[in-house]
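Values quoted throughout were computed directly from the atomic coordinates according to the rules given, and no laboratory measurement underlies them. Please read these numbers as outputs of a predicted model, since none were measured by experiment. Cβ sites come from the backbone with ideal geometry, for glycine too, and all protein chains shown count toward neighbours.
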Amino acid sequence: MSEVKVYERPKSWMPNVSSHYCPGCGHGIAHRLVCEVIDELGIQNDTIGVAPVGCAAMIYDYMDTDYCEAPHGRAPAVATGLKTVRPDKIVYTYQGDGDLASIGMGEIVHAANRGQNITVIFINNAIYGMTGGQMAPTTLLGQKATTCPLGRDAKVNGYPIRVSEMLATLPAPGYITRVTVAQPKYIIKAKQAIKKAFQNQVEGKGFSLVEVLSSCPTNWGMRPVEAFDWLISSMMPYYPLGDFKDFD
Amino acid sequence: MAKGRIEVLEQYCKSCGLCVAACPVKVLRISEKTNAKGYRPVEQFKEGCIGCAMCATTCPDAAIEVFKIQE
Amino acid sequence: MGRVLMKGTEAIAEAAIQAGCKYFFGYPITPQNEIPEYMSAHLPEVGGVYVQAESEVASINMVLGGGATGYRVMTSSSSPGISLMSEGISYIAGCEIPAVIVNVMRAGPGLGGILPGQADYLQATKGGGNGDYNLIVLAPSTLQECVDLTQLAFDLAQKYRNPVMVAADGFMGQMMEAVEIKPSPTKDQPADPTWALGFMEERGGKRSHLHSLFLAPEPLEEHNRKLQKKYGAMKAAEQRCECYHMEDAELLIAAYGTTARISRSAVNNLRAEGLKVGMIRPVTLWPYPYDAFKTIPSTVKNILVAEMNAGQMVDDVKVATGCRYPVSFYGRTGGFAPSVKEIEDECRRILAL
């Protein structure tokens, strides 16, 4: 009788570190998937990450690769600078919905429109987490947040933005897909998408963005399992999973 | 059925329970122990682990290592 | 390349290329558009890349990312554009990333006008962005100095891992003058792999991460102490100043950039009349040349600050002289520069007091 290890902590996950994320937060799953992909592609020493502002601002504490901070929303511009000077490196941003879809909407649209050969991991959990549960550009209609206590009202707050669909209208970006980390069966697909988004860059194919539907149990006011159930029942109908562009 | 086992890196576990829900053979539960951060780490409380790694796949803290046992 | 007649903005651009800058990130704004235009035409010739950003906000953050690789990168803009860049400049300083920023200043506030100004003095030397940080600010008053200071800016940026601003004004940018642009001796200086991103392999697998975020107070204060120590070293080593006919002056004009150029003519004319007027010209607006101000001779009775703003440098002159002299001010705004005659008349008025 012998034993084979079938899962261990990724090599590029910072050793001996416990994350600051709340219990059951989807950020940890998405971080882990990025680390697993970096390990599988063997690019740890060649990867430069760009950190956002928001809950994932300290992502560099958990990922053992070169990392650069960006001001709120500016990660795609910082990544553009990095990749322009070092086209031989693998440059990716990791951004939440406040960072990417609100304050940084200009930067992501134009980086995508230039077809910049970078990878973007976009975490959509329909809320501002770090600042304490305020309304995000992706907050669903009727969803309560601390700055829309009665629920998001389209007349006052407009509609939640479908970033992937919007960016897919541009000719330059190559791969745009939406996945979720709500359950293992989706997580396996999410990892495939993240791997493809990095592989595309390694092959010099151009701009790739993976939108990851995630949860915020703390600010949604739910237990972790309940939060992912709500994601599946409430977020997924508005934010359908699937590829919106794939280098066609 | 394949056999497996898990090792919980208890210092990283935050008792979120995602693995408990993800386990297809329902061999996991939140333990009565307390780790340094005050969380109660998950544990395998009965035989029957199949080494499918669904628990590790869903763990946000990379706190579970999975082994498959080959006869 | 011998002496050639060039426009200021184009001279700055060529000087940067000859300093080894291969990456330029910019956004159009008058009166500096010839810099991005020149870069877009000539950077590809040296294997470089010009990226037109979607905004000044984006261009400064591209500079942040580009500079994080340790290679020579730059952007240029004009006053309202620099305001938009101020957030990024604070982050660049906080992350200790080398970068060169050219500000071809125009008249403000707000959208102001497209004519020259020096009203970004306080923004450049005292703040702009948030937090305790400083830029080295270089103020050229001839086009040759535009060339030399642009090249110096790259050296200082890399030496201190700090943003450096070349604060020119619209006159410097738009006038033509003969300049000589030589390749900088440090043109091929490689990136420093001890900290620059993209050298994890060379560091034997040790990563580098550049950030200004320190959530706990102890490391943030430690970071600030480290920055202040660096700014102290800059203050000790990088003050630059020209003293012109200062040795026996009774009236000293304090001026920089285009206003210093005009003041130089006024000094020459007044000296021809036998009036003892001199000039002290800060070349580094930050660090302010306090040491040069300490050498002001006892003959000096008055100081006149001349600027194309409402008197932004006056306080620095008072501090630099320990308020030992009466300091008066003559300035124009709106895009006007003081004329030579206006400055001469002001000098005569003060001398007659």
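Odds and ends about this structure:
- Across A:Ile194, A:Ile43, A:Ile123, mean-square fluctuation computed from a Gaussian network of chain A (C-alpha pairs under 10 Å connected) peaks at A:Ile43.
- Antiparallel content of DSSP bridges confined to chain A, in %, to 5: 20 percent
- Angle in degrees between helix C:143-160 and the longest Cα principal axis of chain C, rounded to the nearest 10: 50 degrees
- In order along region C:105-122, phi translates into HN-Hα couplings of 5, 10, 6, x, x, x, 6, x, x, 9, 7, x, x, 10, 7, 9, 4, 5 Hz, rounded to whole numbers, per the Karplus curve 6.51 cos²θ - 1.76 cosθ + 1.60 with θ = phi - 60° and x for Gly and Pro.
- Projecting the Cα atoms of C:Ala178, A:Trp230, C:Gly334 onto the charge dipole of the protein assembly as shown (Cβ charges, centred on the Cα centre) puts A:Trp230 farthest toward the positive pole.
- Given +1 at the Cβ of Lys and Arg, -1 at the Cβ of Asp and Glu and no other charges, the dipole of region A:26-246 around its Cα centre is 480 debye to the nearest 20.
- Region A:1-60, relative contact order [Cα under 8 Å, separation at least 6], %: 32 percent
- Distance between modelled label sites at C:Ala216 and C:Ala272, nm, 7 Å Cα→Cβ extension: 6.9 nm
- With a cut-off of 12 Å between beta carbons, the residues surrounding C:Ile82 carry a summed charge of -2, where Lys and Arg count +1 and Asp and Glu -1.
- Per residue of chain C, the DSSP helices (runs of n ≥ 4 H) give a summed -39500 (n - 2.57) that works out to -12000 deg cm²/dmol at 222 nm.
- Over chain C, relative contact order from alpha-carbon pairs under 8 Å, at least 6 apart, %: 18 percent
- Spatial separation of Cα centroids for region C:239-261 and region C:1-71, in angstrom: 31 Å
- Region C:293-353 versus region C:129-147: alpha-carbon centroid distance in Å: 21 Å
- Three-way shape label, region A:1-159, alpha-carbon gyration tensor, a/c 1.5: oblate
- By the rule of a C-alpha distance below 19 Å, with chain neighbours fewer than 8 residues away ignored, the lysines paired with B:Lys33 are B:Lys14, B:Lys46.
- Label-to-label distance, nm, for residues given as A:Val202 and C:Lys230 (7 Å Cα→Cβ offset): 3.5 nm
- Counting only lysines at least 8 places from A:Lys155 when in the same chain, those with an alpha carbon closer than 18 Å to its own are A:Lys144.
- Applying the criteria of a DSSP loop state and at most 14 other Cβ atoms within 10 Å to the GluC sites (Glu not before Pro) of region C:149-219 yields C:Glu201, C:Glu202.
- Given charges at beta-carbon only (K, R positive; D, E negative), |dipole| of chain B in Debye: 160 debye
- Of C:Leu115, C:Leu138, C:Gln158, farthest towards positive along the dipole that unit charges on Lys, Arg, Asp, Glu beta carbons give region C:114-242: C:Gln158
- Projecting label points 7 angstrom from Cα along Cα→Cβ for A:Asp229 and B:Arg40 puts them 1.9 nm apart.
- Rounded, prolate or oblate (a/c below 1.5 giving rounded, otherwise prolate when a/b exceeds b/c) for region A:1-82 by Cα gyration tensor: oblate
- Projecting the Cα atoms of A:Phe122, C:Tyr244, C:Gly127 onto the charge dipole of the protein assembly as shown (Cβ charges, centred on the Cα centre) puts A:Phe122 farthest toward the positive pole.
- Loop trypsin sites (Lys or Arg not before Pro), region C:189-226 (other Cβ atoms within 10 Å of the site Cβ: 15 or fewer; DSSP): C:Arg203, C:Lys206
- DSSP beta bridge pairing in the protein assembly as shown, given as percent antiparallel to the nearest 5: 35 percent
- Counting only lysines at least 8 places from A:Lys205 when in the same chain, those with an alpha carbon closer than 27 Å to its own are A:Lys11, A:Lys83, A:Lys89, A:Lys189, A:Lys191, A:Lys195, A:Lys196, A:Lys245, C:Lys22.
- Cβ-derived FRET efficiency at R0 30 Å, C:Tyr290 paired with C:Val4, nearest 0.05: 0.25
- Spatial separation of Cα centroids for region A:194-248 and region A:100-151, in angstrom: 13 Å
- Per-residue HN-Hα couplings for region A:38-46 [Karplus 6.51, -1.76, 1.60; θ = phi - 60°; Hz; x = Gly/Pro]: 4, 5, 5, 7, x, 10, 4, 6, 10
- Take every Cα pair under 8 Å whose residues are at least 6 apart in sequence, average their separation, divide by the length of chain A, and the relative contact order is 19 percent.
- With semi-axes defined as the square roots of five times the eigenvalues of the C-alpha gyration tensor, the equivalent ellipsoid of chain C measures 35, 23, 18 Å, largest first.
- Ranked C:Ser86, C:Ser59, A:Ser2, criterion: other C-beta atoms within 10 Å, fewest first: A:Ser2, C:Ser86, C:Ser59
- Trypsin sites (Lys or Arg not before Pro) within chain B, DSSP loop, no more than 16 other Cβ atoms inside 10 Å: B:Lys26, B:Lys33, B:Lys37, B:Lys46
- Cβ-placed point charges (K, R +1; D, E -1), dipole of region C:1-73 about Cα centre in debye, nearest 20: 240 debye
- Long-range amide H partners of A:Ala51 with built H, under 5 Å: A:Cys68, A:Glu69, A:Ala70
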